[in-house]
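Worksheet: one structure, shown below.
The values are calculated or read from the model by the stated rules, or taken from the named source; none is laboratory data. None of these values were measured; they are calculated from a predicted model. A quick note on method: Cβ atoms are made from the backbone with ideal geometry, for glycine too, and the neighbour counts reach across all protein chains shown. Note: accessible area is taken over every heavy atom of the protein model, side chains too, but ligands, DNA and RNA are not part of it. Shrake-Rupley method; radii C 1.70, N 1.55, O 1.52, S 1.80 Å.
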Amino acid sequence: MRLLIMGPPGAGKGTQAVNIAKTLNIPHISTGDIYRENMKNETLLGLEAKVFYDKGMYVPDEITNRIVEDRLTWDDAKNGFLLDGYPRTIDQVNFLDQILSKKSQKIEKVLELTNDIPVVVARLLKRAQEQGRIDDTKEVITKRLEVYATSTAPLLAEYKNRGILVQVDGMGSVSEVEEKIKKALSN
């Protein structure tokens, strides 16, 4: 299965994506994880991404597209994958469509985790403390939520028009949300 998971920062995408990928035996591909690993190791990609990350902005498409295109060529992604954090713009949607169409593939479902914004902000601030994530300051969180609303939310309309958008209430415990997702995927 070829899936996307979407929702605002702090919606629980990463946590749920790991569970879904394990259940479906497909790789969880997180652009955020790829960037953070590269920033930690101070690679050229990491240094490029850090400039944008520190300001709460999206990393430019040309950088992100290269990473995703390469990652989808790995053997473990041949029979499916779960993309987390990509696509985030209409241009990225079109790029992803092109990559997949070359392999006669397409995205089968898009999961949107919906959440209340105050809950999301609280989750991100808590995560910042627990994980020492310097990219989760209140100012950066606010900027990310604004960027999400203006840049990424329109993608949901695109996927809804394609008939592959599945909305899942992201409120509740990890196991409760996981059960909601399993039910939504089985429909």
_When the residues of segment 154-180 are narrowed to those that are among the aliphatic types (A, V, I, L, M) and out of contact with any Ser or Thr (no Cβ under 9 Å at 6 or more places or on another chain), which ends up most open to solvent (accessible area, probe 1.4 Å)?_
Ala157
_Matching residues in segment 137-157 - criterion: being more than 20 Å from Pro60 (Cβ to Cβ) and more than 16 Å from the chain's Cα centre (by Cα)_ = Thr137, Lys138, Glu139, Thr142, Ala157
*Could you grab me the full set of residues in segment 6-19 that are buried (at least 22 other Cβ atoms within 10 Å of the Cβ) and in a helix (DSSP H, G or I)?*
Lys13, Gln16, Ala17
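Conditions (1) out of contact with any Phe, Trp or Tyr (no Cβ under 8 Å at 6 or more places or on another chain); (2) exposed (fewer than 12 other Cβ atoms within 10 Å of the Cβ), marked per residue:
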{"position": "Thr114", "(1), (2)": "yes, no"}
{"position": "Arg144", "(1), (2)": "yes, no"}
{"position": "Ser151", "(1), (2)": "no, no"}
{"position": "Ser186", "(1), (2)": "yes, yes"}
*Look through Ile90, Ile107 and report the one residue that is in contact with a strand residue (DSSP E or B) (Cβ under 9 Å, 6 or more places away or on another chain), closer than 19 Å to Arg162 by Cα and either open to solvent by less than 70 Å² (accessible area, probe 1.4 Å) or not acidic (Asp, Glu) (or both).*
Ile107
*Within segment 127-134, identify whether any single residue is touching a Gly at 6+ places or on another chain (Cβ under 9 Å), of a type outside the set (Lys, Arg), open to solvent by less than 70 Å² (accessible area, probe 1.4 Å) and within 15 Å of Gly14 (Cβ to Cβ), and answer yes or no.*
no
*asked:* Cβ contacts < 9 Å: first residue over 12 Å from Asn115 (Cβ atoms) and among the hydrophobic types (A, V, I, L, M, F, W, C), restricted to segment 5-28; second residue assigned to a helix (DSSP H, G or I) and open to solvent by 50 Å² or more (accessible area, probe 1.4 Å), any location; separation 6+ or different chain. Result?
replied: Ile20/Lys182; Ile26/Asp76
*Which pairs have Cβ atoms under 7 Å, sit 6 or more apart or on different chains, and link a residue in segment 45-63 that is closer than 15 Å to Gln92 by Cβ and open to solvent by 30 Å² or more (accessible area, probe 1.4 Å) to one that is in a helix (DSSP H, G or I) and of a type in the set (A, V, I, L, M, F, W, C)?*
Met57/Val147; Tyr58/Phe52; Tyr58/Val147
_Selection from segment 158-182 of residues that are within 16 Å of the chain's Cα centre (by Cα), among the hydrophobic types (A, V, I, L, M, F, W, C) and part of a helix (DSSP H, G or I)_ = Ile181
*Could you please tell me which pairs satisfy a Cβ distance under 8 Å, a separation of 6+ or placement on different chains, a first residue in segment 132-159 that is modelled with pLDDT under 85, and a second residue that is among the hydroxyl-bearing types (Ser, Thr, Tyr) and open to solvent by 40 Å² or more (accessible area, probe 1.4 Å)?*
Val147/Tyr58; Ser151/Tyr58
